[in-house]
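Below you'll find the structure, written out as C-alpha cells, and then a few comments.
The values are calculated or read from the model by the stated rules, or taken from the named source; none is laboratory data. All values derive from a computational prediction rather than experimental measurement. As a convention, Cβ positions derive from the backbone with ideal geometry for all residues, glycine included, and neighbour counts pool all protein chains shown.
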Amino acid sequence: MTGATTSMTLGGHFTYFITIFLMIAGLFIVISRSNLIKKLVGLGIFQTSVYLLYIAPAKLIGGTAPILSDAFTVYSNPLPHVLILTAIVVGVATLALGLALVVRIREAYESIEEDEILELDARLERDGIEQ
Amino acid sequence: MNLVPHLPALQVVIPLMAAPLTVLLRRRSVAFAVALIASWTALAIAVLLWLQVSHSGTITYAIGNWPAPWGIEYRVDRLNSFMLILVSGIAALVLPFSRASIEAEVPASQHYLFYTMFVLCLTGLLGIAVTGDAFNIFVFLEISSLSAYVLIALGRDRRALFAAYQYLLMGSIGATFLVIGIGLLYLMTGTLNLADMGLRIANVQGTRPVLAALAFITVGVSLKLALFPLHQWLPNAYTFAPSAVSAFLAATATKVAVYVLLRFYFTVFGASAVFAKLPMQEMMLLLALAGMFAASTVAIFQTDLKRLFAYSSVAQIGYIILGMSFDSVSGLTASIVHLFNHGVTKGAIYMLLGCVALGMGGTTLGRVQGLGKRMPLTSFGIVIGGLSLIGVPGTAGFISKWYLLLAALEKGQWWLVFMIVLSSLLAAAYVWRFVEAAYFQEPRKDTDEVATTPWLISVPTAILVIAIVYFGLDTSFTIGTASDAATALLGGRR
C-alpha cells in the first residue's frame, strides 16, 4: 500500500520534475553561455517550462474540452490552455525581438559573443571616445 | 452614448488603437499628432477616473460584460488612479518633448515607429495599473517591456543595442518568474482575479506553493523594478536610450513595477502573511539600505550624467522599498508618495538632460562644463531636480523623505533615521559633481554657439520642473491620495 502511494506520487509529480528540470536548464544556459543566440535558446527553454507548469495540472487524462453533452463527463480545465496560448505569443514576440537585436548587434560589433562585445565597449571607454 | 462607465477600458483601448494607426498613417507629423491626442486623452481619462474614485469609491468594470471573477475585471481604486495619473501625465509631457528631441537622435525614417512603440509602451503601463486580473498584468507587462526594448535600441550609440538586449534577457526572466508565481497562485486558489485571490488565499495561507509563489513574484518583480542587486540592466538602458525614452521609462516603468509588488503583497498575500512567514521584512530592509548606499556611491564616480542619475534611480528605489518594509500606514504612504515624487523628479531631470544633449552635444561631465553660463535655465532646472533627490525642503523629494523619517521614528528605529540622512549626503555628493562642472568650471571653447531649445522641448520640461516645486509645497493631492491608498491596502489597519 505504502509502496503504491509512493509510486503514485512519483508518477503524479512526473511533469513537475520535467518542468523544474527545463526551468533550471534554461536559466543555466542564459547565465552560463556567452553566445547571444544560445542565451536566447536558453530563454526559450525557460519560458517553455512555464507552459508545462500551467498545462500539466489542467489536463485530465481522458478529459475533453468542456462540451455540454451527455456523452462527456470528464473535462479538462480550458483556462490555463488559453492563458498559455497568450504566453506562447508573448514568447514568440520576445524571441523574434531578441533575434532582431542580435542581428543589429552583429552588424554593429561584428560579433555575437558577449565577452567580445564587452571588451570592445571597455576599450572604447578606455580610449576616452565620447559617444 | 454615455462613455463615462467605460472610462477604465478606454484608458487602455485609446492608446492601444493609436498604435496601429501611427503605423498605417506613416507620415511622422500625422503619427505624432495621433500619439499626442492619444496620450492627452489618456491623461484626461486618468484625471476623470481619479475624480470619480475620490467621489464615489472603487470603480469596477467587467470586460465584455463577463462578471468577475470569471471575466477580466478592471478595478480602479485610489492607488491605481494615482499611478494612472503619474504614467499618463508623464507621457503627455514627454511626447511633445520627444518630437524635437528625436530629430537629433533617431533617423527620420523611424520616427513614426518611435511613436508606435511609445504609445504601445504607454498602453502596457496603463494596463498594468488599471487591471484587476493577475494574468492580464503579465500580458500588459510584456507589451510595455517589448516596446521599451525597441525604444532603447533606437539610441544612436551602438551600445544601446546591447543595453536593449541585456534588458530583454533580464526583463523576460523577471516576467517569466512573475508568471510562475501567478501560475502557482492560480493552482492553489483557482482564480486569477486579484481581489478574489486575496479572499481565497486565506484557506491555503502558508502552504509551500503559496510561499514559492511569493518568492517567485518577489524576485521577478524586483528584477523589473531594479531593486539592488537586480539592477544591472538599468544604468546602460537609461544611458544609451534616446533622451525622451530615458525620461519616460525612468519616470514610469520602474514605478509601475513597484505598484505590481504593492498590489501582490498587500491585496493578494496580505501584509501580515508576507511578513510573518518569511523574513521578508528584514530582507527588504537590507536590500533597500544596500541599494541606497551602494548605488549612490557608484553614482558619485560616474562621468556621464545620464548614467549618474540612472544609479541615483536605483538608490531612490531603495527608499520606496524601505517604506514598504515598515509594514505600516505611514511607511506605505511614504513609499507611494515617493513613487510619484521621484517619478516627477526623474522625468524632469532626464528631460533637462535631453536639452543638454541637444545644446552641448552630450551629457558627459566634460561636456557640461560651464553649463551655468551656456544654458542657465536648464542648468538651474537640473539643480532643482538634484535638490529634490537630496530631499531639500521646498522640493517634492523632501515630502517623501519626511514621511519616511516619520515612519522610521514611529517604529522607534533611530538608526534608520540616521541612515536615511547619511544616504541623502551621498546624494548631495553626486549632485555636487554636476554643480561643480556646471558652475565652477569655465565653458569649453567649442560650445560657444548653443542652439536655442525649441519651445516644444522647453515648455513640457519647465512644467515638470515647476511640478517638482509645486508638489514640494502643496501636498494635498499627493499625500492625500497616498495615505488613502495606504490605508486601503492595509485594510484600515493603523
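Annotations
- Counting the residues of the stretch A:53-80 that are surrounded by 13 or more Cβ atoms within 10 Å (Cβ to Cβ) and among the β-branched types (Val, Ile, Thr) gives 2.
- Some residue of the stretch A:31-52 being under 19 Å from B:Gly220 (Cα atoms), without any contact (Cβ under 8 Å) to a residue 24 or more places away in the chain and either of a type in the set (Phe, Trp, Tyr) or surrounded by fewer than 16 Cβ atoms within 10 Å (Cβ to Cβ) (or both): yes
- Restricting attention to the stretch A:26-40, the residues being more than 18 Å from A:Asp115 (Cβ to Cβ) and either at pLDDT 95 or above or more than 12 Å from the chain's Cα centre (by Cα) (or both) number 0.
Quick grid of which residues meet (1) assigned by TED's automatic domain parsing to the domain that holds B:Leu249; (2) surrounded by 22 or more Cβ atoms within 10 Å (Cβ to Cβ); (3) part of a helix (DSSP H, G or I); (4) of a type in the set (Lys, Arg):
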site	(1), (2), (3), (4)
B:Leu48	yes, no, yes, no
B:Pro69	yes, no, no, no
B:Ser81	yes, yes, yes, no
B:Leu84	yes, yes, yes, no
B:Phe97	yes, yes, yes, no
B:Ser101	yes, yes, yes, no
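Conditions (1) modelled with pLDDT of 90 or more; (2) hydrophobic (A, V, I, L, M, F, W, C); (3) closer than 30 Å to A:Ala56 by Cα; (4) not assigned by TED's automatic domain parsing to the domain that holds B:Ser88, marked per residue:
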{"site": "B:Pro107", "(1), (2), (3), (4)": "no, no, no, no"}
{"site": "B:Gly124", "(1), (2), (3), (4)": "yes, no, yes, no"}
{"site": "B:Arg156", "(1), (2), (3), (4)": "no, no, no, no"}
{"site": "B:Tyr165", "(1), (2), (3), (4)": "yes, no, no, no"}
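- Checklist (1) over 30 Å from B:Gln369 (Cβ atoms); (2) more than 17 Å from the chain's Cα centre (by Cα); (3) not small (Gly, Ala, Ser) applied to B:Phe301, failing item: (1)
- Residue in the stretch B:129-152 that is under 25 Å from B:Ala9 (Cα atoms), away from chain A (no Cβ under 14 Å) and either touching a Pro at 6+ places or on another chain (Cβ under 6 Å) or hydrophobic (A, V, I, L, M, F, W, C) (or both) present: yes
- Filtered residue count, the stretch B:422-469, keeping only those that are touching a residue at least 40 places away in the same chain (Cβ under 8 Å) and either part of a loop (DSSP other than H, G, I, E, B) or among the hydroxyl-bearing types (Ser, Thr, Tyr) (or both): 14
- Considering residues of the stretch A:68-91 that are out of contact with any Leu (no Cβ under 6 Å at 6 or more places or on another chain) and β-branched (Val, Ile, Thr) only, the residue farthest from B:Asn193 (Cα to Cα): A:Thr73
- Within the stretch B:123-155, the only residue that satisfies the criterion of being in contact with a strand residue (DSSP E or B) (Cβ under 7 Å, 6 or more places away or on another chain) and among the acidic types (Asp, Glu) is B:Asp133.
- Subset tally (residues that are assigned to a helix (DSSP H, G or I) and in contact (Cβ under 8 Å) with a residue 24 or more places away in the chain) for the stretch B:353-376: 12
- Residue match in the stretch A:104-126 (condition: among the β-branched types (Val, Ile, Thr), closer than 30 Å to B:Asp304 by Cα and surrounded by fewer than 14 Cβ atoms within 10 Å (Cβ to Cβ)): no
- Candidates B:Ile137, B:Ile152, filtered to the one that is among the β-branched types (Val, Ile, Thr) and farther than 20 Å from B:Tyr350 by Cα: B:Ile137
- Residue that is farthest from B:Pro15 (Cα to Cα), among those in the stretch B:81-102 that are of a type in the set (S, T, N, Q) and out of contact with any strand residue (DSSP E or B) (no Cβ under 9 Å at 6 or more places or on another chain): B:Ser101
- Within the stretch B:323-352, the residues that satisfy the criterion of being of a type in the set (A, V, I, L, M) and either crowded, with 24+ Cβ neighbours inside 10 Å or not in a helix (DSSP H, G or I) (or both) are B:Met324, B:Leu332, B:Ala334, B:Ile336, B:Val337, B:Leu339, B:Val344, B:Ala348, B:Ile349, B:Met351, B:Leu352.
- Figure legend. Inter-residue proximity from the stretch A:68-92: first residues within 11 Å of chain B (Cβ to nearest Cβ), second residues of a type in the set (Asp, Glu), beta-carbon distance below 8 Å, spacing 6+ or different chains. Indicated pairs: A:Val90/B:Glu142.
- Any hit, the stretch B:185-198, residues being in contact with a strand residue (DSSP E or B) (Cβ under 6 Å, 6 or more places away or on another chain), within 11 Å of chain A (Cβ to nearest Cβ), hydrophobic (A, V, I, L, M, F, W, C) and touching a residue at least 60 places away in the same chain (Cβ under 8 Å): yes
Yes/no matrix, rows are residues, columns are (1) under 14 Å from B:Ala467 (Cα atoms); (2) surrounded by fewer than 24 Cβ atoms within 10 Å (Cβ to Cβ):
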residue: B:Gly366; (1), (2): no, yes
residue: B:Met375; (1), (2): no, no
residue: B:Phe380; (1), (2): no, yes
residue: B:Pro393; (1), (2): no, yes
residue: B:Phe398; (1), (2): yes, yes
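- Neighbours by Cβ (under 6 Å, 6+ apart or cross-chain): first from the stretch B:226-237, outside the structural domain of B:Met292 (by TED's automatic domain parsing) and buried (at least 24 other Cβ atoms within 10 Å of the Cβ); second at pLDDT below 85 and basic (Lys, Arg): none
- Residue check, A:Leu95 more than 7 Å from chain B (Cβ to nearest Cβ) and either outside any helix (DSSP H, G or I) or surrounded by 15 or more Cβ atoms within 10 Å (Cβ to Cβ) (or both): yes
- Lone unmet requirement of (1) within 12 Å of chain B (Cβ to nearest Cβ); (2) without any contact (Cβ under 8 Å) to a residue 12 or more places away in the chain; (3) not polar (S, T, N, Q) for A:Ala58: (2)
- Top-ranked residue in the stretch B:448-474 [being surrounded by 19 or more Cβ atoms within 10 Å (Cβ to Cβ) and β-branched (Val, Ile, Thr); ranked as farthest from B:Ile399 (Cα to Cα)]: B:Thr453
- Residue-level analysis places B:Ala408 outside the set of residues that are assigned by TED's automatic domain parsing to the domain that holds B:Leu353 and closer than 30 Å to B:Gly370 by Cβ.
- Apart from one condition, B:Tyr186 fits all of (1) of a type outside the set (S, T, N, Q); (2) within 20 Å of the chain's Cα centre (by Cα); (3) within 26 Å of B:Val130 (Cβ to Cβ); the exception is (2).
- Here is the figure for the stretch A:100-111: residues that are at the interface with chain B (Cβ under 10 Å from one of its Cβ atoms) and in contact with a helix residue (DSSP H, G or I) (Cβ under 7 Å, 6 or more places away or on another chain) total 6.
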